[in-house]
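These notes concern the structure reproduced below.
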Amino acid sequence: MYFAIVFLPLIAAIIAGFGGRWLGDRGAQLVTCIAVVISALLSIYAFTQIGLGHQTVHVELLTWVSSGSFDVNWALKIDTLTVVMLVVVNGVSSLVHIYSIGYMSHDPAKPRFMAYLSLFTFAMLMLVTADNFVQMFFGWEGVGLASYLLIGFWYKKPAANAAAIKAFLVNRVGDFGFMLGILAIFLTFGVMDFETVFATASDHTGETFEFLGYQVDVLTTITMLLFIGAMGKSAQLGLHTWLPDAMEGPTPVSALIHAATMVTAGVFMVARCSPLFELAPFTLDVVIFVGASTAIFAATVGLVQNDIKRVIAYSTCSQLGYMFFALGVSAYGAAIFHLFTHAFFKALLFLGSGSVIHGMSDEQDMRKMGGIWRHMKGTYALMWIGSLALIGIFPFAGYFSKDMILESAYAAGEGMGEYAFAMGIIAAFMTAFYSGRLIFMTFHGKPRASEEVMSHVHESPKIMMIPLIILAIGAVIAGFVFYEYFVGHDYDAFWGEALFVAGDNILDAAHHVPAWVKYLPLVMGAAGLGLSWFFYIRRPDIPKALAETNGPIYRFLLNKWYFDELYDLIFVRPAKWIGYQFWKIGDGRIIDGLGPDGVSGAIAWVAGKARLMHTGYLYHYAFAMLIGVVALLTWYGVRIGDVQ
C-alpha cells in the first residue's frame with residue numbers, strides 16, 4: 001500500500017509525459033488524476049491505521065548506496081508525522097489535478113502540465129516518507145526541479161522564465177546550507193538514517209568542531225545549516241523573494257506549491273529533526289526570530305498588493321512564519337496542526353482566485369474588478385469561507401490552529417516568546433485587513449472592469465467548483481475535528497515518537513494561558529475585517545488618500561521593503577559585472593585573443609601580406625627571384641666565413 005501511495009504519481013507522470021501524444025489530452029488527464037486520487041484515498045486509510053491506530057511502519061525498498069562504511073537504504077518511514085503529510089500532499093494534489101482539467105482546458109500542452117504536477121507530487125512524497133537524510137535531500141531537490149518546471153510552464157512568457165530561474169537560484173542558496181548540514185551530520189554521526197542520528201544526538205551535546213576557522217558547537221552548527229535549507233524552501237525572511245514571483249505559473253501551480261506542499265517542506269523538516277533542534281536552544285531562538293519577523297513582514301506587504309494571487313502569496317509567507325515560530329517555541333504539534341489546516345483554506349483561496357481569474361477573462365488586478373459577486377455567487381461564498389478560516393474566525397479551521405500557536409508563544413515566556421506573540425498578534429490584525437480588502441475589492445463595489453469583460457463574467461464549471469467545495473469543507477471542520485489529536489488531550493497517543501520535546505510540553509502551558517490571550521486574536525481578526533469593510537465599502541476614498549499622504553511608506557510596502565532592489569544592487573549587478581569582465585577580457589581578449597582568434601588573425605595577416613606580392617607582372621617575380629638569389633649567396637658567404 002505504501003509503495004503505491006508514493007510511486008503511483010511517478011508512474012502517472014511517466015505515462016503522461018512520454019505517452020501524451022498517444023494518450024491525448026483527456027487520456028493524460030485521466031491517468032494522472034486517477035493515480036493521484038487513488039494515492040490520496042490510500043493516504044487517508046494510512047492516516048487511520050498509523051495516526052489513529054498508533055502504529056509505525058518501516059518499509060525497506062532496496063539498498064541505495066553502499067560504499068565502504070557509507071550505507072544508505074531506500075526506505076519508507078511511515079509514522080504519524082508522515083501520514084499527516086501524506087494526507088495533505090496527496091489530498092491537495094488530487095484536487096488540484098481535477099481542478100486543472102477545467103482551468104487548463106484551453107492550454108495546448110495539457111499532458112505536459114499534468115505530468116509535471118504528478119512529478120512534483122512524487123518528489124514531495126519522497127521527501128516526507130524519507131528514512132534518512134540522503135533520501136530526504138533527493139526529494140528536496142526533486143521538489144525544486146519540479147517547481148522550476150511548473151513555475152516556468154508558460155516558457156514563452158519572459159516573466160515566467162525569469163520567475164522560474166529566480167525560484168531555482170534562491171532555493172539553491174538554502175539548499176547549499178541544507179547540504180552542508182547533511183555533510184556535518186555524517187561527519188559527526190557517521191550515519192545518515194534518522195533513527196540512529198536522533199537516538200545518539202544527546203551524546204554529542206557540548207561537543208565542538210572547527211568550522212570556518214572557529215570552534216563551534218556541533219549540534220548548533222548542524223541545526224543552523226538545516227534551518228538555512230528550511231528558510232529557502234519555506235520562503236522565510238531573506239530567502240523569500242522567489243515566492244511572489246512564482247505567481248507567474250498557472251494558478252493550480254500556485255495552489256500546489258504555496259498551499260500544502262513545497263513551502264511546507266521546511267516546516268516538516270524541522271519537525272522531523274526535532275530531536276536535534278531541541279538540543280540546540282540558540283537555533284530555536286533564531287527560528288523564533290526569523291519566523292515572527294517573516295510573519296509581520298509578509299503581512300505588511302500584503303496590505304497594499306493589487307494582484308489577487310500576490311496577496312494570497314504573501315499571506316502564505318506570513319502563515320509560514322507562524323509555523324516556524326511555533327517550531328521555535330517547541331510547539332511542534334501546533335506548527336503541524338496549522339500546516340494541516342492551512343493546506344485546506346489556502347488551497348481554497350488560491351483555487352478560488354483562479355476561478356475569479358477564469359471568470360474575469362484572465363484579469364488578476366483587483367483594481368480592475370469589483371461588483372462581480374452576483375455573477376459568481378458560488379466562488380464568492382467559498383472565498384469567504386477561505387478568508388474567514390485564514391483570519392481565524394470561530395469556528396473555522398484557522399481559529400483553532402493559529403490561536404494555539406499564539407498561546408504557545410505567550411506561554412514560552414520572556415524574550416523571544418514575547419516577541420513572537422506580539423508580532424503574531426499584529427500580523428493577525430493585518431491578515432484580517434488584507435483578507436477583507438481582497439474580498440471587498442474583488443466582489444463588491446462598482447464594477448471597474450470594461451463592459452466587454454463584465455459581459456463575459458461567469459461562474460466556473462463544475463469540474464473546478466467541486467474541488468473548491470471539498471476544500472471548503474476541510475476549511476470549516478478540520479480545526480475542531482482534529483484539535484484534540486494534534487494539540488489536545490490525545491497528543492501523546494497520536495504523535496507517539498514522531499515529535500520530540502525536551503522537558504515539559506509547551507502545549508500543556510498553552511492551554512492554561514489567561515483568557516485575554518485566547519480571545520485577543522479573535523478580537524484583532526474581527527477588528528481588522530471591520531476596518532477593511534469601512535475602508536473599501538463605507539469610505540472607499542480613504543485608502544487612496546492614505547496612500548497619497550503617506551507616499552514613502554506606501555511605496556516602501558508596495559515595493560516589498562525593497563528586498564529585490566537591494567539584492568539586485570548587492571548580488572545581481574556585481575555578478576553581471578564580473579561575468580561581463582570574464583566574457584570580454586578573460587574569454588574575448590585573453591583566451592580567444594591569444595588562442596584561436598589570435599592564431600587565425602596572425603595567419604590571415606601573413607596571408608594578406610603575401611597576397612600583395614602576387615601582382616601578375618613577370619618583372620616583379622624576376623626581381624623577387626633575384627632578391628632570393630642574393631639572400632642565398634649572402635647566407636652562403638657568411639657560412640664559409642664562419643668555417644674559415
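The values are calculated or read from the model by the stated rules, or taken from the named source; none is laboratory data. Note that the structure is predicted; figures quoted are calculated from it, not measured. We place every Cβ from the backbone using ideal geometry, glycine too, and count neighbours over all the protein chains shown. In case anyone asks, the SASA skips ligands and DNA or RNA and just uses the protein heavy atoms, side chains included. Shrake-Rupley method; radii C 1.70, N 1.55, O 1.52, S 1.80 Å.
Quick notes on this one:
- With Cα atoms, 0 to 90° folded angle of helix 20-46 axis to the chain main axis: 50
- Scoring 573-582, 406-415 by mean Cβ neighbours within 10 Å over their residues and listing the highest first yields 406-415, 573-582.
- Fraction of accessible area attributable to carbon and sulfur, segment 472-558 (%, probe 1.4 Å): 65
- Based on C-alpha pairs under 8 angstrom that are at least 6 apart in sequence, the chain has a relative contact order of 12 percent.
- Helix 2-18 axis versus longest C-alpha principal axis of the chain: approximately 50°, rounded to the nearest ten.
- For segment 312-449, the residue among 417, 334, 398 whose Cα projects farthest onto the positive side of the dipole built from Cβ charges is 398.
- Measuring r between the beta carbons of residue 577 and residue 548 and using R0 = 41 Å, the FRET efficiency lands at 0.60.
- Taken over the chain, the alpha-carbon convex hull comes to 267 cubic angstrom per residue.
- Taking 0.36 nm per residue of separation and subtracting the current Cα-Cα distance, fully stretching the chain between residue 501 and residue 639 would add 40.0 nm.
- Full-stretch length increase - residue 610, residue 60 - with 0.36 nm per residue and alpha-carbon distance subtracted: 190.4 nm
- Take the Cβ atoms of residue 30 and residue 469, set R0 to 25 Å, and the FRET efficiency comes out at 0.70.
- Within the full protein context, the accessible area of residue 506 is estimated at about 30 Å² for a probe radius of 1.4 Å.
- The residue 157 and residue 452 beta-carbon pair, evaluated with R₀ = 22 Å, returns a calculated FRET efficiency of approximately 0.40.
- Where labels lie 7 Å past Cα in the beta-carbon direction, separation of residue 513 and residue 285 in nm: 2.1
- Peptides 209-219, 493-503 ranked from most to least packed, by the mean per-residue count of other Cβ atoms within 10 Å: 493-503, 209-219.
- Against the chain, whose longest principal axis comes from its Cα atoms, helix 218-233 is set at around 90 degrees.
- Peptides 274-280, 536-542 ordered by average Cβ neighbours within 10 Å, highest first: 274-280, 536-542
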